[in-house]
Amino acid sequence: MEIIAIANQKGGVGKTTTAVNLAACLAAKKNNVLLIDLDPQGNATTGTGIEKRELQLTTADILLDGVAIADAIVTSPAGFDVVGANRDMSGIDISLMGLVDSHSLLKQAMQSLTGYDYVIIDCAPSLNLLTVNAMVATQGVIIPMQCEYYALEGLADLSHTIDRLKELNPHLHIRGVVRTLFDARNTLANDVSAELEAYFGDLMYQTIIPRNVRLAEAPAHGMPVLTFERYSKGSRAYQKLASEVMKQSQQLTLDLPKVE
Ligand SMILES: Nc1ncnc2c1ncn2[C@@H]1O[C@H](COP(=O)(O)OP(=O)(O)OP(=O)(O)O)[C@@H](O)[C@H]1O
Ligand SMILES: [Mg+2]
């Protein structure tokens, strides 16, 4: 089981769009997928067709009340499993602060999870305790980046946070950086893209997610773009990203030491 957090403290860079569509494309490629929504905005929950206000249990119940993760899993209309979030979760950060092991509650809860090939965690635009819980529970982090000037400014904070959290989670690493909302006609976007390549090197995914209106429309229909407009540019891009992610998984397996 591979755990991947989708994180960037900057808002509106395509974290949720990446989480939902990567989850859907991995599931379409015959993987068992669980998507965990760790953002009180609940966008990933809505994006998979779940009515977030009707959720019986959310990630908050798992973190604060020790509810078993299995009890909070629902099968989304999108066809894969989801642990949802909604506004009931706002303020949870402060409630978490008072708890023992407040940074590793998600990790502890996930220890009982079995049967999934991929667990994808959608993070809020913040480096708060919820995001720290994701970083402690995960192995790899995928960072969606919009190629604009301010993207570069937040990079140092994020890299620093990931480095610091390695004390709590030695497995933590950047799995890859994905360029999102990309407009190839924009000179600045191309310049920033080149800077990101220089900074991250091999950590950049080859797949670039274009700005594509179908990606923005799909959540309003409660669908990943793969179901909404399978052959759109956005859908093709996320299918390609899922293939790249699966190729990384194969590589990881090959890198494991052989048991004699
Ligand atoms: N490639 C894309 N093309 C067009 N629109 C996109 C694309 N990616 C995301 N969007 C739209 O941009 C907005 C922000 O995307 P999204 O919600 O995925 O970002 P986010 O990083 O999760 O935001 P937040 O920080 O608030 O959680 C949404 O309205 C989404 O539909
Ligand atoms: Mg989001």
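Sort out which residues of region 1-38 are within 13 Å of ligand 2 (Cβ to nearest atom), in contact with a strand residue (DSSP E or B) (Cβ under 6 Å, 6 or more places away or on another chain) and not aliphatic (A, V, I, L, M), and write them in order of number.
Within region 1-38, ASN8, GLY14, LYS15, THR16, THR18, ASP37 qualify.
Is it the case that GLY14 is surrounded by fewer than 24 Cβ atoms within 10 Å (Cβ to Cβ), within 27 Å of ARG211 (Cα to Cα) and within 16 Å of ligand 1 (Cβ to nearest atom)?
Yes: the conditions hold for GLY14.
Taking the options ALA60, ALA24, ALA44, name whichever one is touching a helix residue (DSSP H, G or I) at 6+ places or on another chain (Cβ under 9 Å), without any contact (Cβ under 8 Å) to a residue 40 or more places away in the chain and part of a helix (DSSP H, G or I).
Matching residue, one of ALA60, ALA24, ALA44: ALA60.
State all residues of region 163-205 that are within 18 Å of the chain's Cα centre (by Cα) and either surrounded by fewer than 18 Cβ atoms within 10 Å (Cβ to Cβ) or basic (Lys, Arg) (or both); if no residue qualifies, say none. Walk me through it before giving the result.
Taking region 163-205 first, the residues within 18 Å of the chain's Cα centre (by Cα) are 165, 169, 171-181, 203-205.
Hits for region 163-205 are HIS171, HIS173, ILE174, ARG175, ARG179, LEU203.
Of the numbered conditions (1) over 25 Å from GLN250 (Cα atoms); (2) surrounded by 15 or more Cβ atoms within 10 Å (Cβ to Cβ); (3) among the charged types (D, E, K, R); (4) away from ligand 1 (no atom under 16 Å from the Cβ), GLU229 fails exactly one; give the number of that condition.
Every listed condition holds for GLU229 apart from (4).
Scan (1) touching a residue at least 40 places away in the same chain (Cβ under 8 Å); (2) more than 16 Å from ligand 1 (Cβ to nearest atom) for the single condition ASP65 breaks and write down its number.
(1)
Are any of the residues in region 241-248 modelled with pLDDT of 95 or more, at negative phi and of a type in the set (Gly, Ala, Ser)?
Checked against the condition, which is being modelled with pLDDT of 95 or more, at negative phi and of a type in the set (Gly, Ala, Ser), region 241-248 yields at least one hit.
For region 46-76, name all the residues that are exposed (fewer than 14 other Cβ atoms within 10 Å of the Cβ) and under 13 Å from ALA23 (Cβ atoms).
Across region 46-76, the qualifying residue is only THR75.
If only one of THR131, THR114, THR180 is under 20 Å from ILE62 (Cα atoms) and within 16 Å of ligand 1 (Cβ to nearest atom), which one is it?
THR131
Just for region 117-148: of the residues that are at pLDDT 95 or above and of a type in the set (D, E, K, R), which one is nearest to ligand 2 (Cβ to nearest atom)?
Taking the candidates together, the pick is ASP122.
Checking the structure you have, find out if any residue of region 214-223 is crowded, with 18+ Cβ neighbours inside 10 Å, touching a residue at least 24 places away in the same chain (Cβ under 8 Å) and in contact with a Lys or Arg (Cβ under 8 Å, 6 or more places away or on another chain). Full working, then the answer.
First pass over region 214-223, keeping only residues crowded, with 18+ Cβ neighbours inside 10 Å: 215, 218-219, 222-223.
Still in the list and also touching a residue at least 24 places away in the same chain (Cβ under 8 Å): 215, 218-219, 222-223.
Next, only the ones that are in contact with a Lys or Arg (Cβ under 8 Å, 6 or more places away or on another chain) stay: none.
No: zero hits.
How do the helices (runs of 4 or more DSSP H) wholly within region 149-260 filter down when requiring 2 or more residues that are within 16 Å of ligand 2 (Cβ to nearest atom) and touching a Gly at 6+ places or on another chain (Cβ under 6 Å): which remain? Give the steps one after another, and end with the answer.
Details: elements: 149-165, 187-200, 213-217, 225-228, 233-255.
Output list is empty.
Scan ILE50, ILE6, ILE36 and give me the residue that is closer than 20 Å to HIS173 by Cα, at pLDDT 95 or above and more than 13 Å from ligand 1 (Cβ to nearest atom). Even if it seems obvious, please write down each step before you answer.
Values: ILE50 fails: closer than 20 Å to HIS173 by Cα; ILE6 fails: more than 13 Å from ligand 1 (Cβ to nearest atom).
Being closer than 20 Å to HIS173 by Cα, at pLDDT 95 or above and more than 13 Å from ligand 1 (Cβ to nearest atom) holds for just one of ILE50, ILE6, ILE36, which is ILE36.
What are the residues in region 112-135 that are crowded, with 24+ Cβ neighbours inside 10 Å and part of a loop (DSSP other than H, G, I, E, B), if any?
The one that is crowded, with 24+ Cβ neighbours inside 10 Å and part of a loop (DSSP other than H, G, I, E, B): ALA124.
Every residue in region 170-195 that is free of Cβ contacts under 8 Å to residues at least 40 places away in the same chain, in contact with a helix residue (DSSP H, G or I) (Cβ under 7 Å, 6 or more places away or on another chain) and under 26 Å from MET1 (Cβ atoms), please.
Matches in region 170-195: LEU172, ILE174, VAL177.
The values are calculated or read from the model by the stated rules, or taken from the named source; none is laboratory data. Nothing here was measured: the structure is a model prediction, and the numbers come from that model. Glycine also receives a Cβ, built like all others from the backbone with ideal geometry; neighbour counts cover every protein chain displayed.
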